[in-house]
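Below: the structure, in structure tokens.
The values are calculated or read from the model by the stated rules, or taken from the named source; none is laboratory data. What you see is a predicted model, and the numbers here were worked out from it, not measured in a lab. Cβ atoms come from the backbone with ideal geometry, glycine included; neighbour counts cover every protein chain shown. In case anyone asks, the SASA skips ligands and DNA or RNA and just uses the protein heavy atoms, side chains included. Shrake-Rupley method; radii C 1.70, N 1.55, O 1.52, S 1.80 Å.
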Amino acid sequence: LYLRGTIDHASGPCVGVVGTRRATHYGQEVAAQFGRELAERGIAVVSGLAAGIDAAAHSGALAAAEVSDRPAGPIAVVGSGVDVIYPRENARLWNQVVAKGGLVSEAPPGAAPEGWRFPLRNRIIAAVSQVLVVVESSRQGGAIHTVAAADSCGVPVLAVPGSIRSPQSEGTNAIIQAGGAGLAVDVNDVLVALEMACVQEGNVMQPFTRGLPRTPSRSRSSRSQSSETALDLCSAAELSVYRA
């Protein structure tokens, strides 16, 4: 994997938020709300940084800094090289994600956003996430491919119900009706699923609360000390990679 920024937040709880590029105003609002409320609780929002639902979820996650002292940075898994912005209208959002979180791709630098790369990208989104939330999707949308990838690796799926008259909600409504996804009407539904997933993994998570207390940022010397401690635990092979 190639990386820009940092994916330190991937060591904590992660929730994927995906959906259609042709999102409705309703879908964008819901994705942004979920992204913000998850990030402000220290939960990393994972998505594909595409137009529509992905961009809204990441924008919401970035906005969490306005209401939380320690928001989780977003994690974007993209279908091009990490130096090839796609779509171009998301250029500012890409740079914000790199500054506050991490951008990941298995495509080498310079790789164009070819269509065949996106289904492969979707399986990484599913694998990084502990819970996957689909906000809006047609029956054949890329988000449905991500759902299939989540099913294959045991990641629980939630879907946000939409209008029965909206083509953008046909896929989400269908997987709810078929029992392939649980219902997500607010962030609390996601938190319950996430805590259950953490328990199944053998991790005991602290309750996710809004408005974490302010704490002084760690000094440069303490961060350096932590880095030295981490290096002491590295194998010879890992140290050679670090030095390179």
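Its Cα gyration tensor gives the chain an equivalent ellipsoid, and the semi-axes of that ellipsoid, as √(5λ) in whole Å with the largest first, are 29, 21, 17. Are there any chymotrypsin sites (Phe, Trp or Tyr not before Pro) in the stretch 19-117 that are in a DSSP loop and have at most 15 other Cβ atoms within 10 Å? List them by number. Sparse-neighbourhood loop chymotrypsin sites (Phe, Trp or Tyr not before Pro): W116.
Given +1 at the Cβ of Lys and Arg, -1 at the Cβ of Asp and Glu and no other charges, the dipole of the chain around its Cα centre is 480 debye to the nearest 20.
The amide H of V133, built 1.01 Å from its N in the peptide plane, has G16, V17, V18, L158 as neighbours under 5 Å, considering only residues 5 or more places off or on other chains. Phi angles of the stretch 10-16 translate, via the Karplus equation with coefficients 6.51, -1.76, 1.60 and θ = phi - 60°, into HN-Hα couplings of 5, 6, x, x, 10, 10, x Hz per residue; Gly and Pro are given as x. Using the Cβ of Y26 as centre and a radius below 13 Å, the other residues enclosed give a net charge of 0, where K and R count +1 and D and E count -1. Among the trypsin sites (Lys or Arg not before Pro) within the stretch 81-160, those in coil by DSSP and having at most 15 neighbouring Cβ atoms inside 10 Å are R139. Along the stretch 184-199 the Karplus relation, 6.51 cos²θ - 1.76 cosθ + 1.60 evaluated at θ = phi - 60°, assigns HN-Hα couplings of 10, 9, 7, 5, 5, 4, 5, 5, 4, 5, 5, 5, 5, 5, 5, 5 Hz to successive residues, with x for each Gly and Pro.
Our Cα-only numbers for the stretch 11-66 put the radius of gyration and Dmax at 10.2, 32 Å.
With K and R counted +1 and D and E -1, the other residues having a Cβ less than 13 Å from that of A149 yield a net charge of +1.
Accessible area per residue for the stretch 65-120 is 48 Å², calculated with a 1.4 Å probe on protein heavy atoms, without ligands, DNA or RNA.
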